[in-house]
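> Encoded as C-alpha cells, here's the structure I'll be asking about.
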Amino acid sequence: MGAVAAPVARVSAPAARVVELAGPAGAGKSTVLAALLAREPALRPRPRSRGWRAAALALAHLAALAPLAASLARRATPRVARETLRYLLRLRTYHALTVRELRRARGAIVLDEGPVFTLARLAAFPAGGPATRLDAYRTAWRERWARTLDLVVWLDAPDAVLVSRIRGRGKAHRVKRADDAAAAEFLRRYRAAYAGVLAELEAAGVRVLALDTQRETPEAAAERVLAAIRGGADAR
C-alpha cells in the first residue's frame, strides 16, 4: 500500500449498511465525508452518544477491560498504557453504538476513525512487551467488527501530497514539523498497519474500495463511494 494504484473494477455487491472512511492524515476523509452527506441525506455520520448514557456505556465497557488494563499498566509506560486502553475502549463502545444505530437508521452509517483506524493505530504503535492478551483481544474485536462492517473506503495520495496537505492545515499532527524523511517513515508505518488490518477484514468478507484523492475530486470520490454503498462495483 506504499504506492497509490489505480483501482480495478470488480463485480457488483450487495448494498452496504456500515461503511468506514479510512486512510492516512491528509487523505481527504473529512472532505469526502462532507461531499457524501451533501449528496445523500439518508446517510448517517458516525453514531454519537452524550450525557449520562455515554458515561454509563463507557464505564460498563471499561469495567470489562480491567484485567487487560492491569496487564498494560505493568508492562507499558503510563502514557502508552492510557493511549492503548483508550483505543481498546473505542473498539467496544463504537460497536455498541453502531449496532444500536443500525436498528433505527434508514441509510448507511458512515464511520470516520472507526474500527479500521483503531485497529491500525494499535498495530502501528503497540504497547510493547509480551502482547498475547492484547493480540487476543484485538483479534476478537476485529472478528466482531468484520461481521458488522460492510465496506471500507481506503483514501490515499502520494506522500508529497499528504505532507503538503498536513502542513497547510491548522490541525496539529506529528508530521507537520517533521522533515520529509521522518514524514515518509511515519506514513510507511501507518500504511503497513492499515494494509494488515484491511487484508484481514477483506479475507473475512468486508469489501474495500480504494481511491486516490490526488486524481479524483471529492465530488467524484463521493459518487464512487455512493455507488459502492448502493451495491455497485467496488475496487481495491
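The numbers here are math on the coordinates, done by the rules we state, and not lab data. Predicted model only: the values in this text are computed from it and were never measured. No Cβ is skipped: glycine too gets one built from the backbone with ideal geometry, and neighbour counts run over all protein chains shown.
> Would you work out if segment 143-233 is rounded, prolate or oblate? Take a ≥ b ≥ c from the square roots of the eigenvalues of the alpha-carbon gyration tensor; rounded if a/c is under 1.5, else prolate when a/b is larger than b/c, oblate otherwise.
Because a/c hits 1.5 or more and a/b fails to exceed b/c, segment 143-233 counts as oblate.
> Using packing as a proxy for protection, rank 159-165, 115-121 so that the peptide with the highest average count of other Cβ atoms within 10 Å comes first.
On the way: 159-165: 18.4, 115-121: 23.7.
Ranking, from highest mean packing down: 115-121, 159-165.
> Among Ala146, Leu88, Ala183, whose Cα lies farthest out toward the positive end of the dipole of segment 82-236, if unit charges sit on the beta carbon of Lys, Arg (+1) and Asp, Glu (-1)?
Leu88
> Under the classification rounded if a/c is under 1.5, otherwise prolate if a/b is larger than b/c and oblate if not, where does segment 82-236 fall, given a ≥ b ≥ c as square roots of the Cα gyration tensor eigenvalues?
Oblate.
> Report the local net charge at Ala123: Lys and Arg +1, Asp and Glu -1, summed over other residues whose C-beta lies under 13 Å from its C-beta.
+3
> Per residue of segment 192-197, what does 6.51 cos²θ - 1.76 cosθ + 1.60 with θ = phi - 60° give for ³J(HN,Hα)? Whole Hz please, x for Gly and Pro, Karplus curve as stated.
After applying 6.51 cos²θ - 1.76 cosθ + 1.60, I find 4, 5, 5, 4, x, 5 Hz.
> From the square roots a ≥ b ≥ c of the eigenvalues of the alpha-carbon gyration tensor of segment 131-192, which class results: rounded (a/c under 1.5), prolate (a/b over b/c), or oblate?
Prolate, because a/c is 1.5 or more and a/b exceeds b/c.
> Going by amide H atoms built from the backbone, whose H comes under 5 Å of the H on Ile109, apart from near neighbours?
Amide H neighbours of Ile109: Val18, Val19, Arg44.
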